[in-house]
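Just so it is clear, none of the values below were taken in a lab; they were calculated from the coordinates. Treat the numbers as computed from the prediction; the structure is a model and nothing was measured. Don't worry about glycine lacking a Cβ; one is built from the backbone with ideal geometry, like all the others, and counts go over all protein chains shown.
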Amino acid sequence: MADFILKTANDYAEQFSTNVDELLQSVEDFTLQHHPKAHMISGKIQGKFLETISRMIAPKKVLEIGTFTGYSAICLAKGLAQNGELHTVEIREDDARTASGFIEKAGLAQQIKVHVGNAMDIIPILGENWDLVFIDADKVNYIAYYELTLPLLKKGGWILADNVLFHGQVLENPVKGKNAEAVDAFNKHVAKDPRVEVVLLTVRDGLSIIRKK
Ligand SMILES: C[S@@+](CC[C@H](N)C(=O)[O-])C[C@H]1O[C@@H](n2cnc3c(N)ncnc32)[C@H](O)[C@@H]1O
């Protein structure tokens, strides 16, 4: 959890939100015990939030950019329409392998397709149109992912973008560091884009919900 989030408020939110299932708990436990970058996992509140949004939309086609250990893919897949599919892209083979193992255990191997490689190369060859896109990979490419996926998004479709507060660093003046600068530039880029409407939520590390008009 980012330092700028009030721990007591987060604990309270977790206490009064529906518990995640055993499988998701095991993904989180494994990640916290074994991954040096465990803080990147969505975790309970954001995971439940992603699941809820997905259930509300009931998407047929979901794209996730940044699989990590599979936590958010499994959450998002819970809301898929019947015969719906989620495609998730991960550049690191080890993480993709870990995610695939958990996806298999969750019984979601038919619905979730894990692609290994650079999302910028893989997304164009998938040849899909998306109902919901979750952007959660390297921050310096957020604008590139947005510009790549917005034309592939169905009218009325949704983009969710994670870490849009970047550990609170976008709140500093001036904004410093390449990641915080990239996220701040992304937020400005989306806010002035007439093709979309956006709300930036202060959930966890900041999450924007973007609707294509
Ligand atoms: C913040 S983590 C994703 C967390 C995951 N969505 C979750 O909530 O559990 C970002 C992931 O994006 C991956 N990544 C970074 N650059 C990428 C790229 N160009 N293409 C695909 N994946 C990338 C990283 O290896 C990392 O696993």
To make sure I understand the rule: partners must be lysines, Cα under 16 Å from the Cα of Lys78, and not fewer than 8 residues away in the same chain. Which ones qualify? Lys44, Lys48, Lys60, Lys61, Lys105, Lys113
Rounded to the nearest 20 Debye, what is the dipole magnitude of the chain about its Cα centre when Lys and Arg each give +1 and Asp and Glu each give -1 at the C-beta? 740
Report D for the range 7-212 in µm² per second (integer): Stokes-Einstein, Kirkwood Rh on Cα pairs, 10 °C, 1.306 mPa s. 93
Would you work out which of Met56, Gly156, His115 lies farthest towards the positive end of the dipole of the chain, given +1 charges on the beta-carbon of Lys and Arg and -1 on that of Asp and Glu, about the Cα centre? Gly156
If you average the alpha carbon positions of the range 157-195 and of the range 1-71, how far apart do those two centres end up, in angstrom? 21
Suppose only helical runs count, i.e. DSSP H with n ≥ 4. What mean residue ellipticity at 222 nm does that imply for the chain under -39500 (n - 2.57) per run, divided by all residues and rounded to the nearest 500 deg cm²/dmol? -12500 deg cm²/dmol
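Computed FRET efficiency, Cβ-Cβ of Asp21 and Thr202, R0 25 Å: what is it to the nearest 0.05?
The pair Asp21/Thr202 has a calculated efficiency of 0.40.
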Could you give me the ³J(HN,Hα) list for the range 136-147, computed from phi with Karplus coefficients 6.51, -1.76, 1.60 and θ = phi - 60°, whole Hz, x at Gly and Pro? 8, 10, 4, 5, 5, 9, 4, 5, 5, 4, 5, 5
Amide hydrogen neighbours beyond the local backbone of Ala81, cut-off 5 Å, H modeled: Lys60
How big is the C-alpha Rg of the range 80-151 next to the rule-of-thumb value 2.2 N^0.38 Å, as a ratio? 1.13
For the range 91-197, just say rounded, prolate or oblate: build the C-alpha gyration tensor, square-root its eigenvalues into a ≥ b ≥ c, call rounded for a/c under 1.5, and beyond that prolate if a/b exceeds b/c, oblate if not. oblate
Pull up the cross-link candidates among the aspartates and glutamates for Lys155, meaning alpha carbon to alpha carbon under 13 Å and not fewer than 8 places away within one chain. Asp131, Glu197
Please list, in order along the range 84-90, the HN-Hα scalar couplings obtained from phi with the Karplus expression 6.51 cos²θ - 1.76 cosθ + 1.60 (θ = phi - 60°), rounded to whole Hz, x for Gly and Pro. x, 9, 10, 10, 10, 10, 9
Which distance in nm do the two modelled labels at Gln82 and Ile209 give, with both placed 7 Å along the Cα-to-Cβ direction? 2.6
